[in-house]
Each structure stands twice: as C-alpha cells, then as structure tokens.
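Down below is the structure, laid out as structure tokens.
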Amino acid sequence: SAGLTEEQKEFQKVALDFATKEMAPHMAEWDEKEIFPVETMRKAAQLGFGGIYVRPDVGGSGLSRLDTSVIFEALSTGCTSTTAYMSIHNMCAWMIDSFGNEEQRHKFCPSLCSMEKFASYCLTEPGSGSDAASLLTSAKRKGDTYILNGSKAFISGGGDTDVYVVMCRTGGPGPKGISCMVLEKGTPGLSFGKKEKKVGWNSQPTRAVIFEDCVVPVENRLGAEGQGFNIAMKGLNGGRINIASCSLGAAHASVLLAQEHLTVRKQFGEPLANNQYLQFRLAEMATRLVAARLMVRNAARALQEGREDAAVLCSMAKLFATDECFAICNQALQMHGGYGYLKDYAVQQFVRDIRVHQILEG
C-alpha cells in the first residue's frame, strides 16, 4: 500500500477482506468443478466492484484507474480467474458508459454495475487475434437494423453472460470499417460453441460466440459507424492494466505461500527458510513483484490523466507484469517441491490461472 492515499488503502482492505473470506476458500472448488461463481460476484458488486470506473449516475463507483488496479490486485489474491472475468465485465460496462448515448447508458449500465447481468467482450475471431483490424464478422445495414454474420473465439463468459459488446465490420477493410454493437442474450441468430476445456481460468466459461443473420437494432450501436476499432483499443488500454493487476495479486499471494512453506518445511534437520539460496530467491521474487507493481500503477495514473504516452505505458506494464508475475508464481511452486504440483496446494492454481495473462488482452 506504499504511496496510496488513505481512501485507496481502505478500498484495498475491503477488497482483500472479500478475497480472503468470500473467494479464497472456494477457489479450488470453482476450478475443479468449473463453477462460474455468480452469487459471489454479485456480493462483490454490492461493494461497488461491478462498475468500478463507471460513472455514478448509472450505478458505477466512479473510481480512478489506479483505484481499480489496487482493487483487482487485492481481489486476485483470493481467486485470479474470477477476478480476471470481473475485470473484463468492468471493461464492457465502461465502454457502454463512455461511448454510449444517455439512453444506452441508462439501459445497460445499472444492471451491469449491480452484476444482475454480466457482460462479455467480443473482439477475437478464429482468424484474427492480435491483428484485430482484420476481423471479418460483418454487420450489413438493413433499414433500422443491422444483420450480423460471423463468429468470435475465446470469449470469456460466452454463453453464460447476458450482454455482448461486439466488434464487427460495417464498412471496408482495415480499422476504419469497424463498428461496435451491444447484443443481448436471446437475440435470434445468436448462439454459442462448446465450452472450452482450459488449463486455468476454469471459474469462467469460455466459448465461441456465433452470429447467423443476427438482427440488431441500429440503436444498439455504440458511437458512430467506423468508431469501433478506436473503442476496442481504448478499452484494451484499461484491460491491459486490469489483467496485469490480476497477475500482481496472484504473485503477491504466491510469495506469501512460498514464504510460509519455507518456514514450516524441514529438510536436512532445519527449516528451508534457513537456506541462504532460498532466502535470496525469495528476496528476488519480492523485488520483481514490487517493480511490476510500480510499473502497473504508473501506467494506471498515465491513463487516468490522459497522457500521450498512456497506451505505450499500459502495453509495457502489461508485458512486464504478466511475464514477471508468472515467473514469480512458477518459482513459488518450485520452492514447494513436489507438494507444489499437488492440487491441494493453491500455488499450482495461481500458476495455471495467470499463464494465460501473457497471451490475452492485447
């Protein structure tokens, strides 16, 4: 909590308490049984975590990007997979709040902020991941509707969520032909692929989202035609910080687990904590965690202030933090020896859950 205001320390404490009491005891079960913990997330929403950086007039908490980072890091110590989904949900709510008109904001945001309804972000396609500007899902204008055709891949929450923020092509090739639509579950022509079997992130379902002559009212378009790519990229700047923050929480928890294990585990007649090599490694892990945290918080401030270098700093922070934090969790597992590879020990789940942070979210 170094460098945080008293108010931010309070947010952090509330989120850490919630993670300890409501998430950590169930983390293994949610993973094992692939449970999407809807009721727990709704409890988190009662604390204001459903629309953290959404404006208060539509039910949001109106907090800063730094506040958001602190909260997601704290929640992630309890269950990284669930917190990562919540970060995506928050990004979707923010997109509607920031780029929607008053009618759209008041229609969608209150139920998203309370997590009565859940949102999914639909950008990635089977043939376009990082090359988002080449996406193929098309939306053809027909009177006061669009007809959507195409599919999205790897969609967090897909099939279980209620609101889909979809990037689709309304114009020619390249980024300027992309628009953003909000679809509701139950729209005719909207369907879902099979639930993917994943290494981690098992407390949130992942499916393909499929559009077959899906009829979407023009009034569900966010922003102007052709503004979609810009909306998507602005969303991902915050998304990168959010996912990096989730990695910080997993690494923080893993350092504490390693420290505890080294204290209780005896080898060669004394606790592992007396071994100087392991002391040095633990010190390095803690150092890398603090360095990553400073980078993430610096990027969060830059984004909040609308600085010119914000997008670059968000990308750097995401790259650095997700790599470093995975290495920290992996080293913590190594320090547990064979025990670290057992599902009875939480450290292996942190390793599995944050591995994907090095891949997704830009």
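Does the range 52-90 hold any residues that are farther than 19 Å from Arg297 by Cβ and among the β-branched types (Val, Ile, Thr), and which are they?
Within the range 52-90, Val54, Val58, Thr82, Ile88 meet the criteria.
Within the group Ser247, Ser203, Ser191, which residue is outside the structural domain of Pro25 (by the TED database), in contact with an Asp or Glu (Cβ under 9 Å, 6 or more places away or on another chain) and within 20 Å of Val166 (Cβ to Cβ)?
Being outside the structural domain of Pro25 (by the TED database), in contact with an Asp or Glu (Cβ under 9 Å, 6 or more places away or on another chain) and within 20 Å of Val166 (Cβ to Cβ) holds for just one of Ser247, Ser203, Ser191, which is Ser191.
Do any residues in the range 251-267 that are within 13 Å of Gln334 (Cα to Cα) have Cβ atoms under 7 Å from those of residues that are open to solvent by less than 80 Å² (accessible area, probe 1.4 Å) and small (Gly, Ala, Ser), where the two are at least six apart or on different chains, and which pairs are they?
From the range 251-267, the pairs are Ser254/Ala332; Val255/Ala286; Val255/Ala332; Leu257/Ala332; Leu257/Ala346; Ala258/Ala332; Leu262/Ala273.
Can you give me the number of residues within the range 306-354 that are touching a helix residue (DSSP H, G or I) at 6+ places or on another chain (Cβ under 6 Å) and among the basic types (Lys, Arg)?
1
Determine which member of the set Gln349, Gln334 is open to solvent by 40 Å² or more (accessible area, probe 1.4 Å) and of a type in the set (S, T, N, Q).
Being open to solvent by 40 Å² or more (accessible area, probe 1.4 Å) and of a type in the set (S, T, N, Q) holds for just one of Gln349, Gln334, which is Gln334.
Restricting attention to the range 94-132, report how many residues are among the aliphatic types (A, V, I, L, M) and either more than 19 Å from Leu360 (Cα to Cα) or open to solvent by 20 Å² or more (accessible area, probe 1.4 Å) (or both).
Residues flagged as among the aliphatic types (A, V, I, L, M) and either more than 19 Å from Leu360 (Cα to Cα) or open to solvent by 20 Å² or more (accessible area, probe 1.4 Å) (or both) within the range 94-132 amount to 3.
Against the definition (in contact with an Asp or Glu (Cβ under 9 Å, 6 or more places away or on another chain) and not basic (Lys, Arg)), how does Ala133 come out, yes or no?
no
Given the range 147-235, what strands (runs of 3 or more DSSP E) lie entirely inside it while holding 2 or more residues that are open to solvent by 10 Å² or more (accessible area, probe 1.4 Å) and of a type in the set (D, E, K, R)?
206-217
If we only count helices (runs of 4 or more DSSP H) wholly inside the range 25-106, which ones have 1 or more residues that are modelled with pLDDT of 95 or more and more than 20 Å from Pro205 (Cα to Cα)?
Details: elements: 27-33, 38-46, 65-76, 80-99.
Because the criterion is at least 1 residues that are modelled with pLDDT of 95 or more and more than 20 Å from Pro205 (Cα to Cα), the helices (runs of 4 or more DSSP H) in the range 25-106 that meet it are 38-46, 65-76, 80-99.
Does Tyr121 fit the bill of being assigned to a strand (DSSP E or B) and within 14 Å of the chain's Cα centre (by Cα)?
Considered against the rule, which asks whether it is assigned to a strand (DSSP E or B) and within 14 Å of the chain's Cα centre (by Cα), Tyr121 comes out as yes.
The values are calculated or read from the model by the stated rules, or taken from the named source; none is laboratory data. No experiment lies behind these values; they were computed from the predicted model shown. Cβ coordinates were reconstructed from backbone atoms using ideal geometry, including for glycine residues, and neighbour counts include every protein chain displayed. The protein model used for the area step is the full one, side chains on, heavy atoms only, and it has no ligands, DNA or RNA in it. Shrake-Rupley method; radii C 1.70, N 1.55, O 1.52, S 1.80 Å.
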